[in-house]
Every structure is written in structure tokens, then in C-alpha cells.
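Student: This is the structure I have questions about; it appears just below.
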Amino acid sequence: MIVTDLNPKGGIGANSLFVELDSFNFIVDAGLNPKFAGNLATPDYTLIGEAYIHFIVITHCHLDHIGSLPVLMRKHPEARVFMSQASQMLIERMLHNSCNVMTRQRAEKNIPEYPLFTHEEIDQAAERFETIPFSKPIQLSEADDEIELTLYPAGHVAGAGGLEISSSGKRYFFSGDVLFDNQCTLDGASFPIENRFETVFLETTRGETQSPKERTRASEIDRLLKTITNVLRRGGSVLIPVFALGRMQEILTLINNARKDGLLPTCPIFGAGLGLAVADHLDQISKRTGQAKFTRKTIKELRLRRPPRGMTPGKEPPEQGIYILSSGMMVEHTPSYNFAASLLSQGRNAICFVGYCDPETPGGKLLETKPGEIFLFDTIDYQTPTRAQIERFEMSGHAGREELLKFALRTHPKKVVLTHGDPGARAWFAIALAENDPALIVIDPKPLEPFEL
Ligand SMILES: [Zn+2]
Ligand SMILES: [Zn+2]
């Protein structure tokens, strides 16, 4: 097996692995790096050269895994494209939205190559998508070789799968993004822990996050609800920055349940953007496939409203309430970024992070800012001392590092390849894996350099 990590910058970004195994060439994921723009944001597909790509597997529909898929498919019209049924029901919506964002960025940031693909190309690409069921192998053959693919539920977001590849009597496993815990709207991962793998490709997102024993998902939810209650009682508003896919619908469900149980006071609740469109898809996925547990009724019961537009930085919104807005990392030009600029200067407000924030994004930077320190919103030319309460809740969509370590070790791999993590996160896994199994070969691939397994 020869593998090339096509993500040019390493870390978490334009996720894409090029794998050559026996007679087969395939690609796992085709992402886009949200931290860069233009051609710098895509995987380096030129490294595939003239190789015939037999198939592409999409693990799930976050942009860092699908954002350049039409580009890859354009270059490889012969490749079959596999994903779960729920992913197939989400992917077009996510790609069309990405095309709109790129079209806007073309003008705003003067990026002539944007959009990287058109709406028509997405429609054409969609005709090539093939769904595979969870936990049931499919076989492909080429010359005298046969290969078997199995997608296992990975939790994380609806449709997410870990990929098992079986060839010449050996099994390989690509974790994709994983969450083992159950969420209100999605069951946790169900990976084949009884199987033995030659190599495990392991996501390492939370390698730098220590999981304090006393903090469980349930206790973090409890702390979030208490924080919201306190903020509302003191006359403030709460901003919860969320990913549009998965996290927004989970938080809406959680707040609706809490309110029914009398754990939250009544107040206006605001939500907007792509997350609401995704909510409709999740409702359909839940009804038709059972691969999620979200119902549109939640939005009605919450009487969810659109937040006011055209907020002035430093000026609080006209109505006190809970603002559940994307993006999760408070990226510039998004509702969560603009509302943070409205709330941050007043101590009665709070900004509650409930997911992973890249340290280089505004969300990541705000989490590092101490009370009273100046925080700069540079794209809207506004700065303020940080007076609002800033909290992080460990309700990440990614598994904790100890759980992932336990999973990898349980499958007795000969090799583990570290993926989807910042350098410090990968370093923790490298040390922990070596300590637990000195015979294990741990590979932290250099971007764009093929390595043999
Ligand atoms: Zn993801
Ligand atoms: Zn990811």
C-alpha cells in the first residue's frame, strides 16, 4: 500500500488521502481548507498524476472532507463515488452553499479562481454518487484482484462513516471523524472493534485536549444550561456559535428538551442560515433512513426566530435571548462573528463554545483571550475589551483522545497513521501509542510525500 496525504498544509484542512493498493487506486475524502482561499485551499490533486482512480469514498459531509469533490470528480470522470445514504441526502446542499460562499468571496477577496465549481457541475456530480449501506460490505473487482469496502457508523454527524478496506486477506481502517458518545440527534460510532487491522488511519482532532474525569457530556450539558439560565437572569444574551451541519440541530434539540423539563426559563430563541436548511434534510434523513434522530417539530416548539440583520458592533441586539448561529469557529463574515461583536463588550452576556475551534480562527483566539483583554474583530474594524463571559463546553463532535487510543489499540494494528489533527495533537497520539505498544509503527505523514505501508 502506498499512501499520499494530499492535504498540502497538514493539520486539519483539505482532507484527502490517495491510496494505491494492489490493482486499485482510490481517494478517501476531498476536502477544502477553510483557513485558506483559492487554489491554496484544495488538496494537491496533481500528485495523482495520470493514475486511474477506481473510486472515491466520502466519510461525511463537513466541508473539510467534501469541499473540493467536484474538482476531483472533474479530473477523474471514471471514478465511482461512494457515500452513506444520509451523506448523499446532505452533500448537494452543502456543496451548493459552498459554491455560493465562493462566488461571494470571488468579488470580496478578489479570488479569480472562485468558485472552484459551478452549481451545474454539482448537479452533474450528484448523478454519479452511489450510496452504500452501513455495516454491509460491497465488493469491487479489477483484473484478478478483489477489494471489499465497508462503511461503519462513526457518530459525529448524520451519515458519517469509518471505512474498512479489505484486500488480499488484510484489513485497513480509516476512522474519518468520530464520536463514540450518543447525542440527542445521533447515535455514537459503532466500529468493528472485534476486527484486526493491518493499519488504522486515525483522526487526532482532540489530541491536545485533556478530558477531566469529572466532566462528562451530561455534566457539561448541565453546566451549559445553568450558564444560560444565569445569563438570562442577569439580563444578558447568550451566543452559541455552531456548525451548520449537526451541532446546530443538536443544540436546538437539547434546549427544547431542557425547556420541556423546566430546566431553562422561557426567552426568545434565534437561529439562522444554512443550519436551518440542514435541519430540513436531517428531518427527512431521520424519517427515511433512521440514520439520525432530528425532527422539524423541534423548531416549531422552540418558536425559533431569525436574528435581526445589520448589527452594529458594540451595540447589543434589541431583544435579549439565546442566539444559536453559525459558524462554530466564529469565522469572519458569519452571523456568529457579527453577533460576538455585539455582545462582547458587556459583562452580562456570554459566548458559549460547544465544539472544536481551530486556534487560528477568531473563535480559537477568543478562547485564548483573558477577561479585560482587547479583542480585535479585524474584518469589521472593531475592537473591545473582553467583558462578556466566555465559556467552553466539552461537547465536541469528536471523540476524546483516550477513547480513540483505546479503539486503535483494541484492533491490534501493526501501523497507525495519524490524520486530521494539529501537530501537538498528533504528537500526543504518537507518544501514547508508543508507550502502550512499543512494537507499533506510528506514522505522522508529511504532506504530499508518498509513503509505503
Ligand atoms: Zn467532520
Ligand atoms: Zn473533519
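The values are calculated or read from the model by the stated rules, or taken from the named source; none is laboratory data. Note that the structure is a prediction, hence the values are computed from the model and not measured. When we count neighbours, we look across all protein chains shown, and the Cβ atoms used for this are built from the backbone with ideal geometry, even at glycine.
Student: Pick from the range 169-191 the residues that are free of Cβ contacts under 8 Å to residues at least 60 places away in the same chain and on the phi < 0 side of the Ramachandran plot: which of them is farthest from ligand 1 (Cβ to nearest atom)?
Tutor: Top of the filtered list is K170.
Student: Inspect all residues belonging to the range 66-78 and state whether any of them is within 15 Å of ligand 1 (Cβ to nearest atom) and under 18 Å from H398 (Cβ atoms).
Tutor: yes
Student: Still on this structure, please answer the following. Only one residue in L239, L225, L245 is within 16 Å of ligand 2 (Cβ to nearest atom), aliphatic (A, V, I, L, M) and within 28 Å of A160 (Cβ to Cβ), so which one is that?
Tutor: Checking each option against the conditions leaves just L245.
Student: Spot the failing condition for I374; the list is (1) buried (at least 18 other Cβ atoms within 10 Å of the Cβ); (2) among the hydrophobic types (A, V, I, L, M, F, W, C); (3) over 25 Å from F197 (Cα atoms), and only one is missed.
Tutor: The failed condition is (1).
Student: Further question: Identify, please: which residue in the range 210-249 is in contact with a helix residue (DSSP H, G or I) (Cβ under 7 Å, 6 or more places away or on another chain) and of a type in the set (S, T, N, Q) and is, among those, farthest from ligand 1 (Cβ to nearest atom)?
Tutor: Taking the candidates together, the pick is S237.
Student: Which of the residues spanning the range 232-269 are surrounded by 22 or more Cβ atoms within 10 Å (Cβ to Cβ) and either touching a Lys or Arg at 6+ places or on another chain (Cβ under 6 Å) or assigned to a loop (DSSP other than H, G, I, E, B) (or both)?
Tutor: The answer is S237, V242, F243, A244, L245, G246.
Student: Among the strands (runs of 3 or more DSSP E) confined wholly to the range 382-451, which include 3 or more residues that are more than 16 Å from ligand 2 (Cβ to nearest atom) and touching a strand residue (DSSP E or B) at 6+ places or on another chain (Cβ under 8 Å)?
Tutor: Answer list for the range 382-451: 382-385, 389-392, 441-443.
Student: Continuing with the same structure: May I ask you to say which residue of A408, A399 is surrounded by 15 or more Cβ atoms within 10 Å (Cβ to Cβ) and over 25 Å from P34 (Cβ atoms)?
Tutor: Criteria check complete, one pass: A408.
Student: Pick from R80, R74, R93: which is assigned by TED's automatic domain parsing to the domain that holds H420 and over 30 Å from S167 (Cα atoms)?
Tutor: Among R80, R74, R93, only R93 is assigned by TED's automatic domain parsing to the domain that holds H420 and over 30 Å from S167 (Cα atoms).
Student: Kindly establish whether F375 is touching a helix residue (DSSP H, G or I) at 6+ places or on another chain (Cβ under 7 Å), touching a residue at least 12 places away in the same chain (Cβ under 8 Å) and not assigned by TED's automatic domain parsing to the domain that holds A158.
Tutor: In short, yes.
Student: Right, another one. Could you go through the range 302-318 and let me know if any residue there is touching a strand residue (DSSP E or B) at 6+ places or on another chain (Cβ under 6 Å), surrounded by fewer than 16 Cβ atoms within 10 Å (Cβ to Cβ), not in a loop (DSSP other than H, G, I, E, B) and not assigned by TED's automatic domain parsing to the domain that holds G155.
Tutor: Yes, because at least one residue in the range 302-318 is touching a strand residue (DSSP E or B) at 6+ places or on another chain (Cβ under 6 Å), surrounded by fewer than 16 Cβ atoms within 10 Å (Cβ to Cβ), not in a loop (DSSP other than H, G, I, E, B) and not assigned by TED's automatic domain parsing to the domain that holds G155.
Student: Turning to a different aspect of this structure: Give just the number: which of (1) loosely packed, with under 14 Cβ neighbours inside 10 Å; (2) within 16 Å of ligand 2 (Cβ to nearest atom) does T118 not satisfy?
Tutor: (2)
Student: When residues of the range 6-55 are filtered for being modelled with pLDDT of 95 or more and either of a type in the set (S, T, N, Q) or not assigned by TED's automatic domain parsing to the domain that holds L72 (or both), how many remain?
Tutor: 6
Student: Scan the range 27-40 residue by residue and report those that are surrounded by 18 or more Cβ atoms within 10 Å (Cβ to Cβ) and without any contact (Cβ under 8 Å) to a residue 40 or more places away in the chain.
Tutor: G31, N33
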